[in-house]
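What follows is a structure written as structure tokens; I'll ask about it next.
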Amino acid sequence: MSKRVYCTAQFTPKEGQEEALFSRLKALEPNTLREEGCVAYRVTRKVENPFATGESMPIVFHEIWATKEAFEQHCQRDEIVAFFEEECLSGDGLVEAYNVTLYED
């Protein structure tokens, strides 16, 4: 068994804010990809497809981290803390709802 962990971070933007939120999340990629322990970090948008009809929020980060500790260090970075404070927890943010989950293999 590997020590890798897999994070799925889902976001529902406030009405009319999908482009702004996607851009804000996309801006987090370059610095995160340089972090020690970051294996993959990609923000994506949901697409409609008859072979994938499950429910999900419209914007999803797919992340792979070498260890749980690397993931936890990432979550404490100033840039990530500021994103959640400004966009998710503030009433003025771009995010209507979010869900962050962590998995291991």
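For the subset of segment 82-105 comprising residues that are assigned to a strand (DSSP E or B) and charged (D, E, K, R), which member is nearest to the chain's Cα centre (by Cα)?
Top of the filtered list is 96.
Then there's this: Report yes if residue 70 is among the small types (Gly, Ala, Ser), at pLDDT 95 or above and over 21 Å from residue 4 (Cα atoms), otherwise no.
In short, no.
Just for segment 48-73: of the residues that are over 23 Å from residue 88 (Cα atoms) and of a type in the set (A, V, I, L, M, F, W, C), which one is surrounded by the most Cβ atoms within 10 Å (Cβ to Cβ)?
Per the criteria, the residue is 66.
On the basis of being outside any loop (DSSP other than H, G, I, E, B) and over 11 Å from the mean Cα position of the chain (by Cα), does residue 52 make the cut? I'd like the intermediate steps shown before the answer.
Working: outside any loop (DSSP other than H, G, I, E, B): no; over 11 Å from the mean Cα position of the chain (by Cα): yes.
When the stated conditions are applied, residue 52 does not pass them.
May I pose another question? Output the residue which, of all residues in segment 14-47 that are surrounded by 12 or more Cβ atoms within 10 Å (Cβ to Cβ) and acidic (Asp, Glu), is nearest to the chain's Cα centre (by Cα).
Among those that are surrounded by 12 or more Cβ atoms within 10 Å (Cβ to Cβ) and acidic (Asp, Glu), it is 29.
A follow-up question, please. What single numbered condition from (1) assigned to a strand (DSSP E or B); (2) surrounded by 10 or more Cβ atoms within 10 Å (Cβ to Cβ) fails to hold for residue 79?
The single condition residue 79 does not satisfy is (1).
Only residues in segment 1-23 that are closer than 22 Å to residue 102 by Cβ and at pLDDT below 95 count as the first member; pair them with residues that are not aliphatic (A, V, I, L, M) and not in a helix (DSSP H, G or I), Cβ under 9 angstrom, at least 6 apart or cross-chain, and list the lot.
So the pair list comes out as 1/104; 1/105; 2/104; 2/105; 3/67; 3/104.
Restricting segment 60-105 to residues that are among the acidic types (Asp, Glu) and in contact (Cβ under 8 Å) with a residue 60 or more places away in the chain, which is nearest to residue 25 (Cα to Cα)?
Result: 87.
The values are calculated or read from the model by the stated rules, or taken from the named source; none is laboratory data. Given the structure is predicted, the values throughout are model-derived calculations rather than measurements. Note: ideal-geometry Cβ built from the backbone for every residue, glycine included; neighbour counts use all protein chains shown.
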